[in-house]
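Reviewing the structure listed below.
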Amino acid sequence: MCGGFYLGRETKHDQWRRAGASLGRDVEKMSPGARISAALSVLVPVGLSGVFLVAFAPSLWWIFTTYFWVAFPAFGLLRSGIADLDKGKPVRVPEEERELLEAIRESGEISAAGAAARTSLRVAEADRRLRELAENGHLEVRARGGAIFYALWGNGETEGG
């Protein structure tokens, strides 16, 4: 009689299974710091217990090998957390460089003298920064009428085009 009462009821486990949820954590959704913390919360106790086991009961060292298997996934979690630490950080662009790039974006192309007129940089400093950006492949260099102009890639017509 009691069995009939529970026959139609669902357990929470059945609800989770149908909803597609799992009881574990989705590691890809964890932040790098959380991955590192989770890995260290496993690795530190396992390592300390191994040290204490060998120090206080050296004849039982083999027991450590039976539960050391929990450290292998933690090593992978630690490695992925460390590898992803710098991926989430935004790149900081210096204020002068931001001014310079904004001036190039507004005008389409710019010379060192034009950049100095539109920003707080002097002509020599603007020329040096524009050359550095071009050497690193961030800007396109155009020569026209004996003057050198810098532009963002794909911005306007290029020579011969």
Among the residues of the stretch 72-91, is there at least one that is surrounded by 13 or more Cβ atoms within 10 Å (Cβ to Cβ) and touching a Leu at 6+ places or on another chain (Cβ under 6 Å)? yes
Residue, modelled with the lowest pLDDT, within the stretch 108-161, restricted to residues that are β-branched (Val, Ile, Thr) and within 18 Å of residue 94 (Cα to Cα): 119
Looking at the stretch 36-94 only, could you name the residues that are over 18 Å from residue 26 (Cα atoms) and among the aromatic types (Phe, Trp, Tyr)? 52, 56, 61, 62, 64, 67, 68, 69
In the stretch 101-130, how many are under 19 Å from residue 153 (Cβ atoms) and of a type in the set (S, T, N, Q)? 2
Could you tell me whether residue 39 is in contact with a Pro (Cβ under 9 Å, 6 or more places away or on another chain), surrounded by 12 or more Cβ atoms within 10 Å (Cβ to Cβ) and either modelled with pLDDT of 80 or more or not assigned by TED's automatic domain parsing to the domain that holds residue 73 (or both)? yes
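The values are calculated or read from the model by the stated rules, or taken from the named source; none is laboratory data. Given the structure is predicted, the values throughout are model-derived calculations rather than measurements. FYI the Cβ positions are ideal-geometry reconstructions off the backbone, even for glycines, and counts take in every protein chain you see.
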